[in-house]
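Here's the structure we're looking at; comments come further down.
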Amino acid sequence: MKLAVANLKGGAGKTTTAVYLANAFARQGRTLLIDADPQGSALSWSETAGDFPLPVVAAPVKDLNRRVPQLAEGYVHVVIDTPPGELAITRSAMLAADVVLIPLPPSLMDLDRLRPTLEVLAELEGLHDPEMYCLLTRVRKGTRSSRAAREVLTDLGLNVMEAEVSLREGYANGFGLSLTEELGEYEEVLRELQGQVKQA
Ligand SMILES: Nc1ncnc2c1ncn2[C@@H]1O[C@H](COP(=O)(O)OP(=O)(O)OP(=O)(O)O)[C@@H](O)[C@H]1O
Ligand SMILES: [Mg+2]
């Protein structure tokens, strides 16, 4: 699976999602994590960890779709972390992917700021049609916000994953760790993705 984690809004949970999911994929087959964010957060995560269980390469470029086939050679899965606010890179990552995962917290502001990301995807229609899923992250358990966000997203005609990621210190504190054991709810996210996505 080639999966791009995208949301033009900053701080939506892209890097956390990309790193946890890449670690989950890596348990199943050779996985490459491509850090397409010039800030390089995923790369510094892996460097800080030292014994990170999969390779991470930096490629903050606008022609990612042309480079990915070569980068991906020999890998079963590729996960791409994308930057906030960088339209061209995000677009090329979407072009390179068969699945686009959009993480977002279930807040009104994050829902409101989703439009530019959806517009990039819409522009690709006909040219490239990856499967697209929203993933609710930083969900406060026992509050209405996740249900309300699901409703808004579904009304927009978007697929929302059943699995969701809770607001937990553990995820925030995962930065710089190699995540060899506990992948939390991301294991469920991976299971659902693999169940849903047509095998490309
Ligand atoms: N489930 C979670 N629970 C608690 N904190 C989280 C969770 N997911 C992410 N965070 C924290 O939220 C912040 C933003 O997450 P992250 O860096 O993954 O977002 P991003 O979309 O990659 O941001 P940017 O747009 O700057 O690249 C980080 O401090 C991260 O540790
Ligand atoms: Mg990031």
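The values are calculated or read from the model by the stated rules, or taken from the named source; none is laboratory data. The structure presented is a predicted model; accordingly, all values stated were derived computationally and were not measured. Positions of Cβ are backbone-derived with ideal geometry, glycine not excepted, and every protein chain shown enters the neighbour counts. Surface areas here come from the heavy atoms of the whole protein model, side chains and all, with no ligands, DNA or RNA. Shrake-Rupley method; radii C 1.70, N 1.55, O 1.52, S 1.80 Å.
Looking only at residues of segment 157-172 that are small (Gly, Ala, Ser) and away from ligand 2 (no atom under 16 Å from the Cβ), we find that the one that is surrounded by the most Cβ atoms within 10 Å (Cβ to Cβ) is Ala163.
In the set (1) without any contact (Cβ under 8 Å) to a residue 60 or more places away in the chain; (2) away from ligand 2 (no atom under 15 Å from the Cβ); (3) open to solvent by less than 50 Å² (accessible area, probe 1.4 Å); (4) outside any loop (DSSP other than H, G, I, E, B), Ile34 fails one condition alone, (2).
Residue count for segment 1-35 satisfying the condition of being more than 15 Å from ligand 1 (Cβ to nearest atom) and among the hydrophobic types (A, V, I, L, M, F, W, C): 4. Among the residues of segment 138-157, none qualifies, meaning not one is within 15 Å of ligand 1 (Cβ to nearest atom), modelled with pLDDT under 95, part of a helix (DSSP H, G or I) and out of contact with any strand residue (DSSP E or B) (no Cβ under 9 Å at 6 or more places or on another chain). Note on segment 37-58: among residues that are open to solvent by 60 Å² or more (accessible area, probe 1.4 Å) and either touching a helix residue (DSSP H, G or I) at 6+ places or on another chain (Cβ under 7 Å) or within 11 Å of ligand 1 (Cβ to nearest atom) (or both), the one that is farthest from Ala6 (Cα to Cα) is Pro53. Pairs linking a residue in segment 122-139 that is open to solvent by 70 Å² or more (accessible area, probe 1.4 Å) to a residue that is part of a loop (DSSP other than H, G, I, E, B) and within 16 Å of ligand 2 (Cβ to nearest atom), with Cβ atoms under 8 Å and 6 or more positions apart or on different chains, are Arg138/Gly13; Arg138/Pro105; Arg138/Val165. Restricting Leu87, Leu64, Leu8, Leu43 to those that are without any contact (Cβ under 8 Å) to a residue 24 or more places away in the chain, within 16 Å of ligand 2 (Cβ to nearest atom) and closer than 24 Å to Val120 by Cβ reduces the list to Leu43.
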